[in-house]
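What follows is one structure encoded as structure tokens, with my remarks underneath.
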2 protein chains.
Amino acid sequence: MSECLFCRMVSGDLKVPKVYEDPDLFAINDIHPQAPVHILLIPRRHRATILDLDENDQAAIGKLFSVASRLARDKGLDQSGYRIVVNCLEGAGQSVFHVHFHLLGGRPMRWPPG
Amino acid sequence: MSECLFCRMVSGDLKVPKVYEDPDLFAINDIHPQAPVHILLIPRRHRATILDLDENDQAAIGKLFSVASRLARDKGLDQSGYRIVVNCLEGAGQSVFHVHFHLLGGRPMRWPPG
């Protein structure tokens with residue numbers, strides 16, 4: 001059994017409400033939301049960090065941004081704006097070592113981004 | 001003549017030092033850096049926001065993340081970590097309306113991300 005939290009969601013071993021899913025990726029609400037909308041977009045294929053992505057992952061990453069736009073529109077963020085963030089390694093705040101993208105919106109986003 | 005700042009860099013009308021370039025995208029240092037490393041990765045094709053990306057852009061976005069990994073390794077951020085951020089619309093801090101991704105590293109990154 002995989003020890004990776006997100007792989008356990010992929011396999012169905014860990015059941016969580018998904019806000020989106022397709023054969024390449026799925027999305028869930030962050031359990032520690034930092035904004036009124038805080039969704040995680042997660043490619044199903046296990047890669048520990050974005051440094052581990054290779055050419056075979058490029059299509060899935062490109063598609064992930066299309067899905068993010070769709071979810072943002074569904075939440076009305078195409079008017080108010082949103083930010084997409086990905087952390088690589090602990091020094092940048094990565095806590096789960098399976099690539100995931102944060103989509104945050106529903107409040108003004110400050111600068112710098114952390 | 002394009003009024004878009006980044007399109008003027010693409011056309012060569014505005015000359016700036018590039019830290020990377022290929023037929024799909026280029027990268028420059030942010031003129032208002034928020035971290036010791038703060039690079040902008042910019043697809044050449046004009047899209048005002050990430051909401052305007054379509055299926056024809058997916059490959060370029062996927063490739064952009066591969067280039068980001070390469071630049072991060074060049075800067076030693078594959079040890080200390082880095083964050084990639086993209087802002088959509090003014091409410092999220094977007095100031096230039098031509099899609100660009102921020103790569104930040106060289107210091108600990110805080111949470112929330114802005």
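Scanning segment B:92-101 for residues that are without any contact (Cβ under 8 Å) to a residue 12 or more places away in the chain and open to solvent by 30 Å² or more (accessible area, probe 1.4 Å) yields a total of 1. The residue list A:82, A:20 contains one member that is in contact with a helix residue (DSSP H, G or I) (Cβ under 8 Å, 6 or more places away or on another chain), hydroxyl-bearing (Ser, Thr, Tyr), more than 8 Å from chain B (Cβ to nearest Cβ) and in contact (Cβ under 8 Å) with a residue 24 or more places away in the chain, which is A:20. The set of residues from segment B:2-31 being over 13 Å from the mean Cα position of the chain (by Cα), at negative phi and outside any helix (DSSP H, G or I) comprises B:2, B:3, B:4, B:13, B:14, B:15, B:16, B:17, B:22, B:23.
Yes or no: segment A:28-39 includes at least one residue that is open to solvent by 50 Å² or more (accessible area, probe 1.4 Å), touching a strand residue (DSSP E or B) at 6+ places or on another chain (Cβ under 7 Å) and more than 23 Å from residue B:68 (Cβ to Cβ). Yes: one or more hits. Residue A:113 fulfils the conditions (1) open to solvent by less than 60 Å² (accessible area, probe 1.4 Å); (2) more than 25 Å from residue B:69 (Cα to Cα); (3) within 14 Å of another protein chain (Cβ to nearest Cβ); (4) not charged (D, E, K, R) except for a single criterion, (2). In segment B:45-81, of all residues being open to solvent by 20 Å² or more (accessible area, probe 1.4 Å) and in a loop (DSSP other than H, G, I, E, B), the one that is modelled with the lowest pLDDT corresponds to B:54. Please verify whether residue B:104 is without any contact (Cβ under 8 Å) to a residue 60 or more places away in the chain and either among the aliphatic types (A, V, I, L, M) or open to solvent by 40 Å² or more (accessible area, probe 1.4 Å) (or both), treating the condition exactly as stated. It is false that residue B:104 is without any contact (Cβ under 8 Å) to a residue 60 or more places away in the chain and either among the aliphatic types (A, V, I, L, M) or open to solvent by 40 Å² or more (accessible area, probe 1.4 Å) (or both).
Note on segment B:44-73: residues that are among the hydroxyl-bearing types (Ser, Thr, Tyr) and more than 7 Å from chain A (Cβ to nearest Cβ) total 1.
The values are calculated or read from the model by the stated rules, or taken from the named source; none is laboratory data. Computed from a predicted structure; not experimentally measured. Glycine also receives a Cβ, built like all others from the backbone with ideal geometry; neighbour counts cover every protein chain displayed. Heads up: the accessible areas ignore ligands, DNA and RNA and are worked out on the full protein's heavy atoms, side chains in. Shrake-Rupley method; radii C 1.70, N 1.55, O 1.52, S 1.80 Å.
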